[in-house]
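Notes follow the structure.
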Amino acid sequence: MIQRSPDTLLPLKPVVFQVLLSLVDEERHGYAIVHDIAERSSARMQIEPGNLYRTLRFMLDEKLIEESDRRPAPEADDERRRYYRITKFGQRVASAEAARLVELVADARARNLLKGRT
């Protein structure tokens, strides 16, 4: 099997990167992904349901994420929810995107665009 390079998907759309970040540490369902992104971005990034599900479909098709069979206890779950987890390829893509962003920020710092900001 030929492994695809993460670079083929870079740069990522911000919403794709945010979903990958949400799934790095744990599996989540759609609403939990939206809530996590809003919380981490201090509500600067709000994702509408239609945009989220289009993004998840793209990410499933590109093998960045996959549906999980694991479920919480029935009393803590809604059977209609679909849970997602990041794939190894998704982790590689997220890491490559993070490295790309670090390089961009370093370039912005070198050009004094971030004066007075940490």
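The values are calculated or read from the model by the stated rules, or taken from the named source; none is laboratory data. A quick note: this is a predicted structure, and the numbers were derived from the prediction, not measured. Cβ: placed from backbone, ideal geometry, glycine included. Neighbour counts: every protein chain shown. Each accessible area value is taken on the protein alone, full model and side chains, heavy atoms only, with ligands, DNA and RNA left out. Shrake-Rupley method; radii C 1.70, N 1.55, O 1.52, S 1.80 Å.
Could you go through the range 24-41 in sequence order and give the Karplus-derived ³J(HN,Hα) for each residue, using 6.51 cos²θ - 1.76 cosθ + 1.60 with θ = phi - 60°, rounded to whole Hz, and x for Gly and Pro?
4, 9, 6, 6, 8, 9, x, 4, 5, 5, 4, 5, 4, 5, 4, 5, 5, 9
Find the accessible area per residue for the chain; the probe is 1.4 Å, ligands and nucleic acids are left out, and the unit is Å².
70 Å²
Based only on Cα atoms, what Rg/Rh ratio does the chain have, Rh being taken as Kirkwood's radius?
1.03
For the range 5-118, which whole-number percentage of the solvent-accessible area (1.4 Å probe, protein heavy atoms only) is attributable to carbon and sulfur atoms?
50 percent
Which of the trypsin sites (Lys or Arg not before Pro) found in the range 1-55 are in a DSSP loop and have at most 11 neighbouring Cβ atoms, other than their own, within 10 Å?
Those that pass, being in a loop and sparsely packed, are R44.
Once amide H atoms are built 1.01 Å from N in the peptide plane, which residues 5 or more positions from H29, or in another chain, come under 5 Å H to H?
HN-HN under 5 Å from H29: Y84.
Run lengths n ≥ 4 of DSSP H only: what is the helix-derived mean residue ellipticity at 222 nm for the chain, with -39500 (n - 2.57) per run over all residues, to the nearest 500?
Mean residue ellipticity at 222 nm (helix-derived): -15500 deg cm²/dmol.
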